[in-house]
Structure formats: structure tokens, C-alpha cells
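**Student:** Mind having a look at this structure? Questions to follow.
The values are calculated or read from the model by the stated rules, or taken from the named source; none is laboratory data. All figures in this text were calculated on a predicted structure; none of them were measured in a lab. Quick reminder, even Gly has a Cβ in these numbers, built from the backbone with ideal geometry, and neighbours come from all protein chains shown.
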Amino acid sequence: MAKRTIVTMPGDGIGRVVLEETLKVLTAAGFEADYVEGDIGWEFWCKEGNPLPQRTIDLLEKHKIALFGAITSKPKDDAFNELAPELKEKNLVYASPIVGLRQHFGLDICMRPCCSYTGNPLNFIRRGKGNEIEEPKVDVVIFRQNTEGLYGGVEWSNPPAQVYDAMMTHPKFKKNFGWCPKEDISISTRIFTKKYTERILRAAFEHAKKYGYKSVTVCEKPNVIRETSGMMYKMAQQMQKADYSNIQLWNTNIDAQMMWLTKNPEDYGVIVAGNMFGDIASDGFAGLIGGLGFAASAQFNPETGIGVFEPTHGSAPKYADFKVSIVNPIAMIESACMMLDFINEQEIAKKIRKAVAEVIAEGKVRTYDMMKMTGKADVVEKGAASTSQMAQAVIAKL
């Protein structure tokens, strides 16, 4: 049987080192693949004016599956200033390449598990009855609609006349913003479609059904954002009644959810939300299991089978130039496990997760974040594990 080819996209900053170490773990676990590197990120924006070259799109089109490290994104003016001089007259505008990948390939399903590891010193704790310290088990999976909503990219500053005139037909816009000159207005849209709202809801319910979660929570704001959030919750009610009556449907507002997640996180199972609120909720729950060093994600299109698997942390440029890399690779390793699940290599994924769990429970090897140190170049000298040492500890367990 021919080896599968995986597109690796290291990206920027720490993306390269966490991806390199993860590939070592995959090999040690017995996963055989050919890897082909795709160009993506800030370097290609600066020298080519495109952080997502067509050649990388072509690679993913061909091979379907990608492991992605991290990217650097900067504000509009900073991005322009860092362009190669010969590109500055071409009216180029920086856009996030990972958002570009999502939209180009229709990677509308984003899945972000947040599950606490026994023995992780960063796990959430609280005071219970009698002032007793409690450490609730967190096992939450956030399904985030990945291509629509506030991240859809349909926005303007000083909108074209036809857009402004259309907005003026809405009585609330005319009443609340009609006083403002067009050139002083910026507009970002929040667009939900029934097709892709149905797909993210279905994915959430199916995951709950497959893995025995008792509830699906729609985490939006339908009491204020009545059309988009309201549509999602109404569709969830209809879907639950028709197809998933044995799974409870809960409804929370995003602001209240951020309060409740530190009050009773063990009560939640599967959470589903639009793009922005799913992003917020997943980072919030990630904080309960140790932070972004433990936060993995998958984004995929169920029709085409194309999937990109990445940690949710950024490129952390302040750490990228350290002589010895100090960042925690577990989020990238966990993202690779999600890739393995996606391509039906569950047994290898299970082995890796078991090895990671054993390293954490044993507590002998901990990166600087797990030791609650400030991220500085000397943390390894003070006893923290480097990126490579953490990966090697997982390999030793394998």
C-alpha cells in the first residue's frame, strides 16, 4: 500500500519547531507517510505579496491533508510597511492565509477539543464545600463554524455608495448612524447561511451521539443578535427534536458562558457556535486545561475530505529566535492525533495520546508553562524541558 502524502506547512515563528518535533513523534508511533512542505506565512507576504501562494493551494488540492504550524499576522499598515519595495505600488492588502485556506477549500467544520490531563499542574481548580480544593474533569469539544460570521471578510471602511445606500434602507442604521459621514464609517458583516449552519450543528450532534456526550450547547447571543444567532438556535431546536431527542439541547449566551465555564465546566459536553463566539469559547475552555500549549484543532470539509490540523496558538515571535526552543509542543502533537483520527489511523492516535498522558501524569518532564515560569531563554537552565525534550519524553513512552 502506497504511503499517504501529508502537506506540512510550518508557517512562521515557533510553527516550524513544533511541527518538526511532532513529525518525529508520528514516526516513532509507527505512522508512515511522505511529507511535502507548503509555503505559507509572513515571509511569503513580504517577498511575494502573497502569504498563501497558489503552489501551496495546489499541494493541498492534490494531497488533501495538511499539518499546519502557526502564522504571524500584523495590522494593515504594518503589513504594508514590511512588503518588498517593488511590491508597494501594487495595491496589495494582507489577508490571513489560514482564513484564506478555510474559505478556498470550504473548511467550514472547525473542531476544538478541550480535555484535561490528569497531573497537569495547569488544570483548573476551584474551592468547593468546606473550602475543599476541587479539580473538575474538563471534557468539552467546541464546534466552531469556520467560514461565515464575523470572519467572513465582507467589510468596508468608507463603504461604496451602493453599500451605504443599502444600509440606509434599514431604519435602525438610518436612525443610529445616518448622522455619520460615509467616509467615517467602517462596516463588518455577520452572515450565517442555513446550509453551513446546518452542517456545523449536524457535526456537533453527531459527535455527541458517537462519543456519548449528554448535551449539545448552542453558545451564541440570540436575545440581541436575533437574526443570525436566532437562526442557529432555532435550527438546533428543530434538529434536536427530529433526530437527536436523546441528547439534551442547551442554550447559553456567550458572555454568560464565559462566566459559567469557571463555575461548572464539568457540566458541558459539546458546544457549537458561530465563528467569533466559537473562537472565544474555545480559548476560554483551553485556559481550563493548561492554555494554548494544549489546545489543538481540526478544520475540514466533509464533502471533499480536505482537512487542515493545527494548534490554536500563534507564532510567538518573541520565542522564535531563542537558541533552544522552549515552547510546549503538545498542542501540535494533539493536532496530529486529530489528523490521524480523520484518516482512520485511530490506533496510532490512541498510542500517542496515551504516551502524552503518561508523560504529564509522571510529571518529570514539564515545559516552562507547566512549571509556571515566565517564558524566557533561560528557563531550560532552570529545569524546564525544551520543545525537543518534551517530544523526546513522549517518544520514550511510545
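**Student:** Can you name the number of the only condition in (1) touching a residue at least 60 places away in the same chain (Cβ under 8 Å); (2) touching a His at 6+ places or on another chain (Cβ under 9 Å) that VAL216 fails?
**Tutor:** In the conditions (1) touching a residue at least 60 places away in the same chain (Cβ under 8 Å); (2) touching a His at 6+ places or on another chain (Cβ under 9 Å), VAL216 misses (1) alone.
**Student:** Now for a separate question. Condition first: surrounded by 19 or more Cβ atoms within 10 Å (Cβ to Cβ) and touching a His at 6+ places or on another chain (Cβ under 8 Å). Can you find one or more residues in the range 328-342 that meet it?
**Tutor:** Yes, the conditions are met somewhere in the range 328-342.
**Student:** Just to check your reading of the model, which residue among ASP321, ASP369, ASP378 is more than 22 Å from CYS110 (Cα to Cα), crowded, with 20+ Cβ neighbours inside 10 Å and out of contact with any strand residue (DSSP E or B) (no Cβ under 8 Å at 6 or more places or on another chain)?
**Tutor:** After applying the criteria, what remains is ASP369.
**Student:** On the given criteria, is GLN237 surrounded by 11 or more Cβ atoms within 10 Å (Cβ to Cβ), free of Cβ contacts under 8 Å to residues at least 24 places away in the same chain and farther than 23 Å from ALA298 by Cα?
**Tutor:** Yes: the conditions hold for GLN237.
**Student:** Which residue out of ILE280, ILE225, ILE254 is under 17 Å from LEU150 (Cα atoms), within 15 Å of the chain's Cα centre (by Cα), touching a residue at least 12 places away in the same chain (Cβ under 8 Å) and surrounded by fewer than 24 Cβ atoms within 10 Å (Cβ to Cβ)?
**Tutor:** ILE280
**Student:** Also, quick follow-up: Given the condition among the basic types (Lys, Arg) and at pLDDT 95 or above, answer yes or no: does some residue in the range 254-269 qualify?
**Tutor:** Within the range 254-269, not a single residue is among the basic types (Lys, Arg) and at pLDDT 95 or above.
**Student:** Across the range 44-88, which residue is nearest to SER335 (Cα to Cα) among those that are touching an Asp or Glu at 6+ places or on another chain (Cβ under 7 Å) and in a helix (DSSP H, G or I)?
**Tutor:** Only one residue tops the list, namely THR56.
**Student:** Would you confirm, using the coordinates I've provided, whether ASP243 is within 21 Å of the chain's Cα centre (by Cα) and not assigned by TED's automatic domain parsing to the domain that holds VAL7?
**Tutor:** So ASP243 fails the test.
**Student:** Go over the candidates ASP34, ASP12 one by one and state the one that is loosely packed, with under 14 Cβ neighbours inside 10 Å, of a type in the set (Asp, Glu) and either touching a helix residue (DSSP H, G or I) at 6+ places or on another chain (Cβ under 7 Å) or free of Cβ contacts under 8 Å to residues at least 40 places away in the same chain (or both).
**Tutor:** Just a single option satisfies the conditions, and that option is ASP34.
**Student:** From the list ARG4, ARG55, exactly one residue is surrounded by fewer than 16 Cβ atoms within 10 Å (Cβ to Cβ) and either without any contact (Cβ under 8 Å) to a residue 40 or more places away in the chain or on the phi > 0 side of the Ramachandran plot (or both). Which is it?
**Tutor:** Unique residue meeting the criteria: ARG55.
**Student:** Ok, one more. If you check PHE105 against the conditions, is it assigned by TED's automatic domain parsing to the domain that holds ASP58 and touching a residue at least 40 places away in the same chain (Cβ under 8 Å)?
**Tutor:** So PHE105 passes the test.
**Student:** Is it the case that ALA296 is closer than 22 Å to PRO136 by Cα, in contact (Cβ under 8 Å) with a residue 24 or more places away in the chain and either under 18 Å from the mean Cα position of the chain (by Cα) or surrounded by 22 or more Cβ atoms within 10 Å (Cβ to Cβ) (or both)?
**Tutor:** yes
**Student:** So for the range 313-326 (the condition being touching a Cys at 6+ places or on another chain (Cβ under 6 Å) and modelled with pLDDT of 95 or more), does at least one residue qualify?
**Tutor:** No.
**Student:** Now, a different point. Are any residues in the range 381-398 hydroxyl-bearing (Ser, Thr, Tyr) and either at pLDDT below 95 or surrounded by fewer than 23 Cβ atoms within 10 Å (Cβ to Cβ) (or both), and if so, which ones?
**Tutor:** Listed by number, the residues that qualify are SER386, SER388.
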